[in-house]
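Below is one structure; the comments refer to it alone.
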Amino acid sequence: MPPKFKPQKQQQQHQKDGAGPRVVYWFRTDLRLHDSPALAHALSLKPSRLVPLWTWDPHYVYRQRGSANRWAFLVGCMGDVSSALARLNPRQKLHVVRAAPGKVIGPLLRKWKVDVLVFERDTDAYARTRDAEVTRVAEALGVKVVAVSGRTLFDSDDVVEANGGRPTMSMAQLVKAAGKLGKTAVPARPVAAPTTLPDPLDAEDMDLSDIEREIEGEGKRVDEENPAVAGGGGGAAAAPARPGGDFNAVQRTLAHGTHTHTQYRVGLMGPDRTFSVPTLQEMGIDPHDVTTPHVGGETAGLAVLKRYIVDEEYVGTFEKPATAPTDFEPQATTLLSPHMHFGSVSVRKFWWDVQDVLEKRKREKKHNSAEPVNLPGQLLFRDMYFAAQAKVGVAFGQVVGNPVARFIPWHLQSRYAVVKSEQGEGEIQVADGTYVVDDPQAEEYFRRWKEGRTGFPWIDALMRQLKQEGWIHHLGRHAVACFLTRGGCYVSWERGAEVFEEWLIDHEPACNAGNWMWLSCTAFFSQFYRCYSPVSFPKKWDPEGRFVRRYVPELALFDKKYIYEPHKAPIADQKKWGCLVKGDGLNRKIENENENENENAAARQQQQQLQTYPKPMFDFNERRQFCIDKVKEAYDVGLYGDDEKVRTGEWKKMFKFNDRGAKVKEAANGSMERGVKRSRDEEGENEDDTGENADDNGDDSDDEHEHGHGHDTEKKSEKNKRGKRGQKTLDTMISRKKVE
């Protein structure tokens, strides 16, 4: 519960004047009016004036990767909540201020004579540092700060405390900890949406012209020419920026001259001085680059939720492992995850709408699926990752310094910079957003994986869907993550997490890092010898290859016999089906390679009309075994991310890892040709993952295997142990397709 409000001197004066407090409600990842505990608290103060605020934070603009699809989804959410505010009070809207919160909120509170600042609590690593700085500044001004939980089913910090101060590394730990928070391990019921809103300040009082002059006068203006200062109070949680360090430069395709965008060059209040939501064009993003069919906003999100809730059979019998990763138009799952990330749909409303259906079906004696494979179970997995990140902090999203992550000497390791700890406890190492190309072959694997030209149609189809639509099915994410890390490429999971950060519209830092650690067998899951096959796994779901034909159209005419292994098709058939399997996929059109002047014109024309699809970039079975051997070696050594040998770089000698003189790259923008060069360091419960055969050479047993989830428990036994059964979870069954 939020603390009881105690009037400050300024607010006491407002009360003497017969008015309530002036309140700023700071929107972040809660772009909705329904079930907003923080907004409900703000309104419970009976404010005389209410300013709904959004700070257009350069940290996210420059330092967190995001494609045009996700920016469009965010803008849709912002526009929709602004319209919803206006429907309750025509004078209201979402007021967007274009500056780093650590720099601008202090002057705003002083200018607007604010009494109370209210926001939804956020346990993301950067958000903690940002909010701590804002709270310090606000309280120094005599402003009351209230942070209210609402982003998760259960308050993440409370869950950690109930878990003995440890990160939640399994579903069982999450459920047990939640059970200690109250009489029943269920979240609170949603709160009602407001029906009225107070006015904002008058236009004259809202005007920020003097603050613009103040900030510019101090030399603190942040614009596109200086993204290096984009952290804006980010501290240790924000990756150190380099000059010109715009991770989203590749998205700004409307670049003209030296200016790639104008979102900060138009002042704090926007180009029309009305606190407008930035447009894609102002970000330098071409609206034509938005290719996702998924629309952001509370209105759209609630409509999606309603569409599924009225289908009681779907809700009652939903089992995540039985949903097909190859389904499209429509997909097999709800696709509410991006709405929960931006807060356009409340996770608690989702939970209780589903629970009400399940209770109704129970009374009617109809079958309901059980946790963790049912819909509530999916939301609990989300809470599990949030609580784990809440405890670990910034290190949860990287290898070095991460106490829950096993250390594996993958190729393409991250570079790190030393910064001051946000807790004031000395210095820590933070990934700077770039990586070292220690092996050119691994870099080629990574780039071909990202671009959907590996020569494995199932993997390529998923990666192309991801880039085009900003979303792929849960099991599809598992397949491509396994393939990049321990199932073929032997590339660091951090590289894959960066690509997902860039392209997913539902990118959630805690869940993204957690899932990549899970699939790479560095945390949460340890059965590294069980890999997804890029051939046998999709065949079980889609023997006709409809999914591949949709997203890899050059293979659309191939016979189903060859749809997952097109390189095995006879050349004559490849030509008949309009696509030759050759090369690396960079050039998908055949140039006339036959210089024989006697060749007839018809044959040359046919040759020129052919497309190409790449051959497999490696032998999957050979690479799978290579990865298994390498991961087993790392398990036997037994290092974790926070071990001294990892932090100092001594691991390189142990694994004979050589990256001296290697090039440095960044996942979204490629080679780092500008900027400051940084020195590199020289010096629980049993949960199954895939259970899937690797070209029918894997283990399809239902047996589960011992896996301790804590740092201490895992270090006691570094070698794989078999034979002990435990709790089944979602991923115990993800490859066991339900047979009716």
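Show the residue pairs that are 6+ apart or on different chains and have beta-carbon atoms under 9 Å apart, the first residue being within segment 11-37 and farther than 30 Å from residue 337 by Cβ, the second being among the hydroxyl-bearing types (Ser, Thr, Tyr) and modelled with pLDDT of 95 or more.
Note: pairs meeting the criteria are 14/48; 17/48; 18/48; 19/48; 20/48; 21/48; 22/48; 23/48.
From the residues in segment 178-210 that are among the β-branched types (Val, Ile, Thr) and open to solvent by 60 Å² or more (accessible area, probe 1.4 Å), which one is nearest to residue 347 (Cα to Cα)?
Looking at residues that are among the β-branched types (Val, Ile, Thr) and open to solvent by 60 Å² or more (accessible area, probe 1.4 Å), I get 186.
Restricting the first residue to segment 323-348 and requiring it to be farther than 18 Å from residue 504 by Cβ, which pairs with a second residue that is of a type in the set (Gly, Ala, Ser) and not in a loop (DSSP other than H, G, I, E, B) meet a Cβ separation below 9 Å and a spacing of at least six or different chains?
What qualifies is 326/461; 326/476.
Taking only segment 259-280 into account, find how many residues are within 18 Å of residue 27 (Cα to Cα) and either at pLDDT below 90 or not β-branched (Val, Ile, Thr) (or both).
So the count comes out to 6.
For segment 527-541, name all the residues that are in a loop (DSSP other than H, G, I, E, B) and either open to solvent by less than 10 Å² (accessible area, probe 1.4 Å) or touching a Cys at 6+ places or on another chain (Cβ under 8 Å) (or both).
Correct list: 527, 528, 530, 531, 532, 533, 534.
From (1) under 30 Å from residue 206 (Cα atoms); (2) open to solvent by 40 Å² or more (accessible area, probe 1.4 Å), pick out the condition that doesn't hold for residue 283.
Failed condition: (2).
For residue 148, state whether it is in contact with a His (Cβ under 8 Å, 6 or more places away or on another chain) and open to solvent by 10 Å² or more (accessible area, probe 1.4 Å).
Here the answer is yes, as residue 148 does meet what is asked.
Any chance segment 40-47 includes a residue that's in a loop (DSSP other than H, G, I, E, B), of a type outside the set (D, E, K, R) and over 15 Å from residue 343 (Cα atoms)?
Yes: segment 40-47 contains one or more residues that are in a loop (DSSP other than H, G, I, E, B), of a type outside the set (D, E, K, R) and over 15 Å from residue 343 (Cα atoms).
Could you please tell me which pairs satisfy a Cβ distance under 7 Å, a separation of 6+ or placement on different chains, a first residue in segment 169-197 that is part of a helix (DSSP H, G or I), and a second residue that is at pLDDT below 95 and open to solvent by 30 Å² or more (accessible area, probe 1.4 Å)?
Going by the 7 Å Cβ cut-off, the qualifying pairs are 172/685; 172/727; 173/684; 175/185; 178/185; 179/185.
Specify which of the listed residues (397, 433, 343) is open to solvent by 40 Å² or more (accessible area, probe 1.4 Å) and either of a type in the set (A, V, I, L, M) or closer than 28 Å to residue 75 by Cβ (or both).
Within the list 397, 433, 343, the selection yields 397.
Being more than 25 Å from residue 470 (Cα to Cα) and among the hydroxyl-bearing types (Ser, Thr, Tyr) narrows it down to one of 337, 369, 344, so name that one.
369
Could you say whether any residue in segment 80-90 is outside any helix (DSSP H, G or I), of a type outside the set (D, E, K, R) and within 25 Å of residue 209 (Cα to Cα)?
yes
Of all residues in segment 295-352, count the ones that are in a helix (DSSP H, G or I), within 22 Å of residue 54 (Cβ to Cβ) and out of contact with any Pro (no Cβ under 9 Å at 6 or more places or on another chain).
10
Please report, ordered by residue number, the helices (runs of 4 or more DSSP H) entirely within segment 457-519 with at least 2 residues that are over 22 Å from residue 77 (Cα atoms) and in contact with a strand residue (DSSP E or B) (Cβ under 7 Å, 6 or more places away or on another chain).
Fully inside segment 457-519 and qualifying: 493-503.
Can you work out which of the residues in segment 48-73 that are over 18 Å from residue 93 (Cα atoms) and assigned to a loop (DSSP other than H, G, I, E, B) is most open to solvent (accessible area, probe 1.4 Å)?
The residue in question is 64.
Anything in segment 353-378 that is in contact with a Leu (Cβ under 7 Å, 6 or more places away or on another chain), crowded, with 22+ Cβ neighbours inside 10 Å and part of a helix (DSSP H, G or I)? List them, or say none.
Of everything in segment 353-378, just one residue is in contact with a Leu (Cβ under 7 Å, 6 or more places away or on another chain), crowded, with 22+ Cβ neighbours inside 10 Å and part of a helix (DSSP H, G or I), namely 354.
I'd like to check something: does segment 84-107 contain any residue that is of a type in the set (A, V, I, L, M, F, W, C), modelled with pLDDT under 95 and crowded, with 23+ Cβ neighbours inside 10 Å?
no
Quick check: anything in segment 372-390 at pLDDT 95 or above, more than 21 Å from the chain's Cα centre (by Cα) and over 17 Å from residue 518 (Cβ atoms)?
Looking through segment 372-390, at least one residue is at pLDDT 95 or above, more than 21 Å from the chain's Cα centre (by Cα) and over 17 Å from residue 518 (Cβ atoms).
The values are calculated or read from the model by the stated rules, or taken from the named source; none is laboratory data. Quick caveat: nothing in here was measured; it's all calculated off a predicted structure. Every residue, glycine among them, receives a Cβ derived from its backbone with ideal geometry; neighbour counts consider all protein chains shown. Protein only, heavy atoms only, side chains kept; ligands, DNA and RNA dropped before computing areas. Shrake-Rupley method; radii C 1.70, N 1.55, O 1.52, S 1.80 Å.
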